[in-house]
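To start, the structure under review is shown below, and the notes come after it.
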Amino acid sequence: MVASTLVFMSISAILLSFLSSMVFAADSLRPPESIKDGGTLVSSDGSFELGFFSPGISKNRYLGIWYKNIPVQTVVWVANRCNPIIDMSGLLTLNSSGNLVLLGHNKTVVWSSSSSSSKQAQKPILQLLDTGNLVVGDEKDNGVVMYSWQSFDYPSDTGLPGMKTGFNLKTGFKWVLSAWRNPDDPCPDDYTFSLESHTNPELYITEGKTKMYRSGPWNGIRFSGVPELTTNQLFDFQFVYNEDEAYYMYNLRNKSVVSRIVLNETTGTRQRLTWIEADQTWRLYSATPRDYCDDYGICGANGNCIITENPPCQCLQGFKPKYQEKWNSMDWSDGCVRDDPLHCGEKYKDGFVKFSGLKLPEATNSSVDKSMSLKECGAKCLSNCSCMAYINSDIRGEGSGCVMWFGDLLDIRQVPNGGEDLHIRMPASQLGKDLIFDIIKARTKYLVDVEANFLFSCII
């Protein structure tokens, strides 16, 4: 009898251990369940895993999410980025209020989530989705979960499909990528990738407060300085800008492809990497900045960076180096000034010259009116002595809307195989040169047409 009881207890213990491991291999947990260091959650399709890990050569422990089926452990999200657990005492719990609490040595709280909902969850649930998004919500009786917190709102250094980069216009909340300090420490470094919140948003890479790269504003099809952002076989993308929020997002076209965006901790570059199963490695698909001319403001105000030129920095037509001696020594930081002053309000008014193939200037000092035509935009810009350039805000079809720039034109580059037309304000002296040239071209075309018609009539 004693022997049979011992056997029963052993079997029960084995079953309990098995069931416990099954719980931790599931994709969700509910109070009072918890996850100890060594236990994990796995998304239902087996793509992602949540658990404790030590990065690089560090012995510190962090709660994170990584790809489940990739042998090279690739972490895409970290909870306690700057507050590591020094041993294997980590414990993740979901309390009855619907908040995640991560405990470390001596049960001290090292990290916790805060719900955006004012209502306390009746049936709290934590779930790791197939997208890699860790969500906390209230499980309704019909099985539907209403999310109150999600890891996608708090990115680390990795942008996954379906994750936003941008900001909420009503609350000021921002979705920003921030690089790791180094491969052994996921605490945020100075490098960030974000969408800046002015009237004409654009993507930036910054190091602290220093701007390193700018995408150019959205033109209805893509960011103006990113001509390679076009329809492709790898991913779809969208830019949303309405009264509530502004954000950029991408989604993969083929679910069998594994691809991610990461902000490199060493260089600050934003890289798209794709997993190559045959080689068992991550392969670089694209990166920004792409070249020297992508470095923010490299040619100074009213300068134009042309990667095929030597030197690459050139003044825009109608402008000259502010300090010629410094310019000759390859110091372009002071940029360019006008050859001739503007004459706004005088008898001979200013006009505009169209420059083609450009990455549009930094949009900080710009305004947008989506209701205006290009002609109306030019007239309004001309009537304002501070307005220096204009263009359609949306280049789709025949174009629509209006963007106007005020003050110096910053961070312009010539875009290979792309770029946009920009109408830049010029004094009458510069317009005269262009008008004479246009008249000569028109006159030449007229004479050619007359001669061709005469010859054609003779043949007939």
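The values are calculated or read from the model by the stated rules, or taken from the named source; none is laboratory data. Small disclaimer: the values here were computed from a predicted structure and weren't measured. Here the Cβ positions follow ideal geometry from the backbone for every residue, glycine too, while neighbour counts run over all protein chains shown. These area figures cover heavy atoms from the full protein model, side chains too; ligands, DNA and RNA do not enter into them. Shrake-Rupley method; radii C 1.70, N 1.55, O 1.52, S 1.80 Å.
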Q: Restrict the search to the range 370-426; then list the trypsin sites (Lys or Arg not before Pro) that DSSP places in a loop and that have at most 15 other Cβ atoms within 10 Å of their Cβ.
A: Lys370, Arg396
Q: Please give the FRET efficiency for Ala379 paired with Lys255, using the beta carbon to beta carbon distance and R0 = 56 Å, rounded to the nearest 0.05.
A: 0.65
(Q) Show me the ranking of peptides 258-271, 313-326 by mean Cβ neighbours inside 10 Å, starting with the highest. (A) 258-271, 313-326
Q. Ignoring ligands, DNA and RNA, what accessible area per residue does the chain give at 1.4 Å, in Å²?
A. 52 Å²
Q: On the full set of protein chains, 1.4 Å probe, figure out the accessible area of Tyr285 and give it in Å² to the nearest 10.
A: 120 Å²
Q) Are there chymotrypsin sites (Phe, Trp or Tyr not before Pro) in the range 134-236 that DSSP marks as loop and that have at most 14 other Cβ atoms within 10 Å, and which are they? A) Phe173
Q: Give the carbon-plus-sulfur fraction of the accessible surface of the chain in %, rounded to a whole number; probe 1.4 Å, heavy atoms of protein chains only.
A: 56 percent
Q.
Assuming 0.36 nm per residue, please report the length gained on full extension of the stretch Asn328 to His198 beyond their Cα-Cα distance.
A. 43.3 nm
Q: Once you have a ≥ b ≥ c as the square roots of the Cα gyration tensor eigenvalues for the range 155-290, tell me rounded if a/c is under 1.5, and otherwise prolate or oblate according to whether a/b is larger than b/c.
A: oblate
Q: Could you grab the relative contact order for the range 25-150? Cα pairs under 8 Å, six or more apart, rounded to a whole percent.
A: 23 percent
Q: Let me know the number of lysine pairs in the range 294-438 closer than 16 Å at the Cα, not counting same-chain pairs under 8 apart.
A: 5
Q) Where the eigenvalues come from the Cα gyration tensor of the range 76-180, what are the semi-axes √(5λ) of the equivalent ellipsoid, largest first, in whole Å? A) 22, 21, 13
Q: Starting from the Cα-Cα distance between Asn264 and Thr171, subtract it from 0.36 nm times their residue separation and give me the gain in nm to one decimal.
A: 30.6 nm
Q) For the range 155-290, what's the relative contact order in percent, using C-alpha pairs closer than 8 Å and at least 6 residues apart? A) 23 percent
Q.
Given a Förster distance of 30 Å, report the FRET efficiency between Thr210 and Gln271 from their Cβ-Cβ distance, rounded to the nearest 0.05.
A. 0.90
Q.
Per 0.36 nm of contour for each residue apart, how much would the distance between Phe406 and Leu284 grow if the chain were fully extended, relative to their Cα-Cα spacing?
A. 40.1 nm
Q. Amide H to amide H, which residues 5 or more places from Met426 or on other chains are under 5 Å from it, using H placed in the peptide plane?
A. Gly351, Phe352, Val353
Q | Among (1) 24.0; (2) 22.0; (3) 26.0, the entry derived from the coordinates for Kirkwood radius over Cα pairs in Å | A | (3)
**Q.** In range of the label at Glu245: residues from the range 168-204 whose backbone nitrogen is under 18 Å from the point 7 Å along Cα→Cβ
**A.** 168-178, 193-198, 201-203
Q: For the range 125-199, state which trypsin sites (Lys or Arg not before Pro) are in a DSSP loop and have at most 16 other beta carbons lying within 10 Å of their beta carbon.
A: Lys140, Lys170
Q) Which FRET efficiency value, to the nearest 0.05, do you get for Thr364 and Val109 by plugging their Cβ-Cβ distance into 1/(1 + (r/R0)^6) with R0 = 60 Å? A) 0.90
Q. Within the range 155-290, how many Lys pairs sit with Cα atoms under 20 Å apart, leaving out pairs fewer than 8 places apart on the same chain?
A. 4
Q: Averaging sequence separations of C-alpha pairs under 8 Å and six or more residues apart, then dividing by the length of the chain, give the relative contact order as a whole percent.
A: 9 percent
